[in-house]
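What follows is a single structure, written as structure tokens, with notes after it.
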Amino acid sequence: MNEGRAHTTAVTYDPTDREVTVADDAGDLLVGSLHAAATDGEDGRVRVAAVSLSTEGGGVTATVTVENAGEEPVRVGDVTCAFDTAFGADARVYRHGYQSWTPTGTLSVGERFPIEDPDNAPMMNDLAASTDDRVSSYLTGLVEGDRGVTAGFLEHDRFCTRFEVADDADGVATLRAVCPLEGTRLAPGERTELPPLWVDADRDLREGLAALADRVGERMDARVPERAPTGWCSWYHYFTDVTEADVRENLAELRGWEIPVDVVQVDDGYMEAFGDWRSIADGFEDMSTVAGDIATAGYRPGLWLAPFYVEAGADLYADHPDWFVTEPTDGAGDGPGTPVDGGFRAGSELYGLDTTHPEVLDWLRETVSTVVDEWGFTYLKLDFLFAAALPGERHDPEATRIEAYRRGVEAIAEAAGDDAFLLGCGAPMAPSVGLFDAMRVGPDTDPTWETPGESGSQPGLKNAVRNTLTRNFLHRRWWLNDPDCQLVRDTSDLTAAERESFAALVAATGGVNVFSDRLAEIGAAGRRLLERTIPPATGGEVGRLDEERFPSRVVCDRPGDGATTVALFNWADELSTVRFDAREHGWRGGPESDRVVWDGLSGSVVAGPVVERELPPHGAAVFAVVSAEDGDLLGDAATLTGGSDRASGATVRDGALTAAVDGERVTFALDRE
């Protein structure tokens, strides 16, 4: 009997029955058995050879080794640990989506996100996974009362791991941890070690997920830039109709406005077709001139492309039909196989490039070298990346889909160079760790709150908000999170409350901060709202992740003085009153406390320690608990958090406060009784 223990988490393995048990101090939580399958159904030729248990990151890891026990080579399929669970009718399940846009969140047992439209399913779902049960990719969590389990695999550079949850209104019947080896070939007697499975039954869901993300980030060499970029993007006003003239118009507006942003990014619309990235559409003449104009204006040139995704009408598809991931064949046919369905977009079938093909890798390097070295774009938003990880046949039959995907991204990174900033989107999440500086964590925002009847992966601010909250724990552990663009023009379908709440969410969570309106259409209120999201907090912690599908509280340390700041949200479709109690966040003493409450949205001090505020549908409030000693900055009305990097060097002398604001010396009088 093997045993591993970390705090209250206990994991045992009985090699006789291949039984794994996960328990806490109150008893068993998960009890199940390991099974290794061969792709030909002859499962007896593959066996679990060893399971080692160890402690890591406050949890217990189980590392499984499988072996070919036969006398002929064998190809290994899924290795599964199928657990019965102790989680009943009041349990909730944290479901993590496969790629950037896939819905993620904590749902009651029996509850599901809406089913994907068949045209979108190849984009949003792990097509190799079961469609009968709830699927959580890479990691999951189960909670009920004061008990819970967080589980996830720690390495994602070879296999697309998942958890399959069989649940209904009565509880979670089974939880299956699945590592698909996709036909990995083992010679007789050969062994292979699987990615470690990490479990924690000691911490709450948010803390457990954060600890798991830390371990994955460390093992996979996560890229986490010190500073999150700010910028402007063409997409949500111009969409595919953008022109060179539009970019120059907005450059001029930016320079006149003088808002401190880093990047100007040209999105979809500059090229003729998905796949033909070096073909220039009407409205553009010379991409190097566009990049040069952006750089001359003082901004970093950014460009969108979907390097692995090719539409049926592209020249690339016609010229190289053998470059694509294909449906399985018997190998007897002549010519390339049928490309795997990669989804349907804008009137066209789309397919995924086979990134194990040497010619495809050369083409990727040439394309990116053109974009970066010849045109001059060094901020790359890489979209629809799931296309390289579609299940199917490839040029290299021994490569798994995740190995293929990572080869493609690595070729891009090599060509782009160390100084390029890579932002991923539409990407298989955990397999992307270590490859990107930033990652989109939810669906497109869109100039509307939601479109009734559409799935949780589709464009809409509501869907973007949900994933920004429920994947917040990945920020600065796997990369910088990208919540997608702010839209603040008052000509969209978003309400003022919705625009303000998303701005508050961006400011409190600290990810990539990009806006995407035509600047000439942003009024004074919209401009001020954008300005107030800069600088954002470094990062925030989302509360009630285990309780709410749309968590309603984010706690951060605001910029400048680090004062505890709480953003409260009303995600309901009707008015609701929120309550903030400063005594939960550092308020000490009674009415004569040395702390005050700063109201970030109004930019003023309000009476505390308890504040109640009625919020409109999808509205927000932001409060900070601030030291009120002589000379302390209570708040800067120029930011939504009240935090500031503008004021420094405050001194109190002879009844006056002197400080530097934006480098200028400013003196304030002090009230004296």
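The values are calculated or read from the model by the stated rules, or taken from the named source; none is laboratory data. Being a predicted model, the structure only gives us computed values, none of them experimental. Note that we place each Cβ from the backbone using ideal geometry, even for glycine, and neighbour counts take in every protein chain shown.
Only one of the numbered conditions (1) free of Cβ contacts under 8 Å to residues at least 40 places away in the same chain; (2) in contact with a Gly (Cβ under 8 Å, 6 or more places away or on another chain); (3) of a type outside the set (Asp, Glu) is violated by Arg300, and that is (1). Basic (Lys, Arg), touching a residue at least 12 places away in the same chain (Cβ under 8 Å) and surrounded by 19 or more Cβ atoms within 10 Å (Cβ to Cβ) - does that describe any residue in segment 88-110? Yes, segment 88-110 contains at least one residue that is basic (Lys, Arg), touching a residue at least 12 places away in the same chain (Cβ under 8 Å) and surrounded by 19 or more Cβ atoms within 10 Å (Cβ to Cβ). Of the residues making up segment 142-151, not a single one is modelled with pLDDT under 95 and either surrounded by fewer than 20 Cβ atoms within 10 Å (Cβ to Cβ) or part of a strand (DSSP E or B) (or both).
Taken over segment 269-283, the residue count meeting the criterion of being without any contact (Cβ under 8 Å) to a residue 40 or more places away in the chain and over 17 Å from Ala312 (Cβ atoms) is 5.
Filter segment 209-240 for residues that are over 17 Å from the mean Cα position of the chain (by Cα) and over 22 Å from Phe421 (Cα atoms) and give the result. Passing the criteria: His237, Tyr238, Phe239, Thr240. Within segment 217-231, is there a residue that is buried (at least 17 other Cβ atoms within 10 Å of the Cβ) and part of a helix (DSSP H, G or I)? Scanning segment 217-231 turns up at least one residue that is buried (at least 17 other Cβ atoms within 10 Å of the Cβ) and part of a helix (DSSP H, G or I). The strands (runs of 3 or more DSSP E) found entirely in segment 1-93 that carry 2 or more residues being closer than 25 Å to Pro188 by Cα are 27-38, 46-56, 59-68, 74-85. Residues in segment 198-210 that are in contact with a helix residue (DSSP H, G or I) (Cβ under 9 Å, 6 or more places away or on another chain), hydrophobic (A, V, I, L, M, F, W, C) and in a helix (DSSP H, G or I): Leu209, Ala210. Note on segment 323-353: residues that are assigned to a loop (DSSP other than H, G, I, E, B), in contact with a Gly (Cβ under 8 Å, 6 or more places away or on another chain) and of a type outside the set (Val, Ile, Thr) total 3. Listed by first and then second residue, the pairs with beta-carbon distance under 7 Å, at least 6 apart or on different chains, first residue in segment 365-381 and over 14 Å from Ala291 (Cα atoms), second buried (at least 17 other Cβ atoms within 10 Å of the Cβ) and among the aromatic types (Phe, Trp, Tyr), are Thr367/Trp277; Lys381/Trp304.
Among the residues of segment 448-477, just one is under 29 Å from Leu519 (Cα atoms), under 14 Å from the mean Cα position of the chain (by Cα) and assigned to a loop (DSSP other than H, G, I, E, B), namely Ser457. Selection of segment 125-141 for residues being within 20 Å of Ala387 (Cα to Cα), among the polar types (S, T, N, Q) and assigned to a strand (DSSP E or B) yields Ser136, Ser137.
Give me the pairs, please: first residue somewhere in segment 413-434 and in a loop (DSSP other than H, G, I, E, B), second residue anywhere and crowded, with 24+ Cβ neighbours inside 10 Å and of a type in the set (Gly, Ala, Ser), beta-carbon distance under 6 Å, and either six or more positions apart or on two chains. Close Cβ pairs (under 6 Å, with a partner that is crowded, with 24+ Cβ neighbours inside 10 Å and of a type in the set (Gly, Ala, Ser)) amount to Cys425/Ser100; Gly426/Ser100; Ala427/Ser100.
If you go through segment 58-72 and keep only what is crowded, with 20+ Cβ neighbours inside 10 Å and farther than 21 Å from Gly32 by Cα, you end up with just Asn68. With respect to Phe344, determine if the residue is more than 28 Å from Leu186 (Cβ to Cβ), modelled with pLDDT of 95 or more and of a type in the set (A, V, I, L, M, F, W, C). So Phe344 fails the test. Being under 19 Å from Val199 (Cα atoms), surrounded by fewer than 17 Cβ atoms within 10 Å (Cβ to Cβ) and charged (D, E, K, R) is the filter here, so list the residues in segment 1-55 that pass it. Once the filter is applied, which keeps residues that are under 19 Å from Val199 (Cα atoms), surrounded by fewer than 17 Cβ atoms within 10 Å (Cβ to Cβ) and charged (D, E, K, R), segment 1-55 yields Glu3, Arg5, Asp14, Glu19, Asp25, Asp28.
Considering segment 309-322, the residues that are exposed (fewer than 14 other Cβ atoms within 10 Å of the Cβ) and outside any loop (DSSP other than H, G, I, E, B) include one that is nearest to the chain's Cα centre (by Cα), namely Asp315. If you go through segment 1-25 and pick out every residue that is in contact (Cβ under 8 Å) with a residue 60 or more places away in the chain and in contact with a His (Cβ under 8 Å, 6 or more places away or on another chain), you end up with 0. Beta carbons closer than 7 Å, at least 6 apart along the sequence or on distinct chains, pair a first residue in segment 177-199 that is closer than 17 Å to Leu127 by Cα and modelled with pLDDT of 95 or more with a second that is hydrophobic (A, V, I, L, M, F, W, C) and surrounded by fewer than 19 Cβ atoms within 10 Å (Cβ to Cβ) for Pro180/Ala128.
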